[in-house]
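A.B. asks: One structure, pasted below without further comment.
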Amino acid sequence: MRRLAITICILAFLTSTYFLTSARWSGYFTAHIDLDVPPEAERDSFVYYECWNDNVAQWLCNNDHVGVHGFEPAFRSTSDSDFVSVSSGGTSNAFGIFDTYHAPTSLVLQYRQKTTDETRQFHRIPIPIPPGRGDRAITVDLTRADVKPLR
């Protein structure tokens, strides 16, 4: 009887450990951004910032401080698209019962644009990231975007 009780306790412990064990993970997905760029925009100045909520993205776009701390260039660019690595993370358990997934809600694009008097001004625009898992495709039309210059 004692052996049976010990065996049941050990099996219960191992089973609960298996079910309650979770792993934290972090990774990246690729955001493929198709761009419609006006001729005044300097294509080599495009840098991106990950925002984990929309308030941060709006603050960055409304803040007149021009800086590049935290902004990163795309890991691959063509004349009309950028490929940006976006971080993600979450937790998983043995059976996927309590999985979580976290990713930024938007990117902020910062770029320089020539003005009519040949000076250059910085611009920022928020780019919403579509929900989901895995790589994402995003289209941004900067020719029609209402973007005010930073001071």
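A.B. asks: Hey, could you get me the Stokes-Einstein D for the chain, Kirkwood radius over alpha-carbon pairs, 25 °C and 0.890 mPa s, rounded to whole µm² s⁻¹?
C.D. replies: This corresponds to a translational diffusion coefficient of 135 µm²/s.
A.B. asks: Right, something else. List the residues whose amide H sits under 5 Å from the amide H of Ala94, counting only those 5 or more places along or on another chain, with H placed 1.01 Å from N in the peptide plane.
C.D. replies: Distant-sequence amide H within range of Ala94: Thr21.
A.B. asks: State, to one decimal in nm, how far the label point of Gln58 lies from the label point of Ala145, with both points 7 Å from Cα in the Cβ direction.
C.D. replies: 1.8
A.B. asks: Compute the FRET efficiency between Glu42 and Ala137 as 1/(1 + (r/R0)^6), taking r as their Cβ-Cβ distance and R0 = 22 Å, and round to the nearest 0.05.
C.D. replies: About 0.35, to the nearest 0.05.
A.B. asks: Could I ask something else about it? Relative to the longest principal Cα axis of the chain, at what angle does helix 2-20 sit, 0 to 90 degrees, rounded to 10?
C.D. replies: That works out to roughly 10 degrees.
A.B. asks: In addition: With a 10 Å cut-off between alpha carbons and a GNM built on the chain, which of Asp135, Asp54, Asp99 moves the most?
C.D. replies: Looking only at Asp135, Asp54, Asp99, the biggest GNM fluctuation is shown by Asp99.
A.B. asks: Test of understanding: what is the full-extension gain from Phe29 to Thr116, defined as 0.36 nm times their sequence separation minus their Cα-Cα distance?
C.D. replies: 27.5 nm
A.B. asks: I've got another one for you. Quickly rank 124-131, 4-11, 87-94 as a protection proxy: mean count of other C-beta atoms within 10 Å, highest first.
C.D. replies: Put in order of decreasing packing, that is 124-131, 87-94, 4-11.
Just so you know, all these numbers are worked out from the coordinates, no wet-lab data involved. Because the structure is a prediction, the values reported are computed rather than measured. Virtual Cβ from ideal backbone geometry, glycine too; neighbours counted across all protein chains shown.
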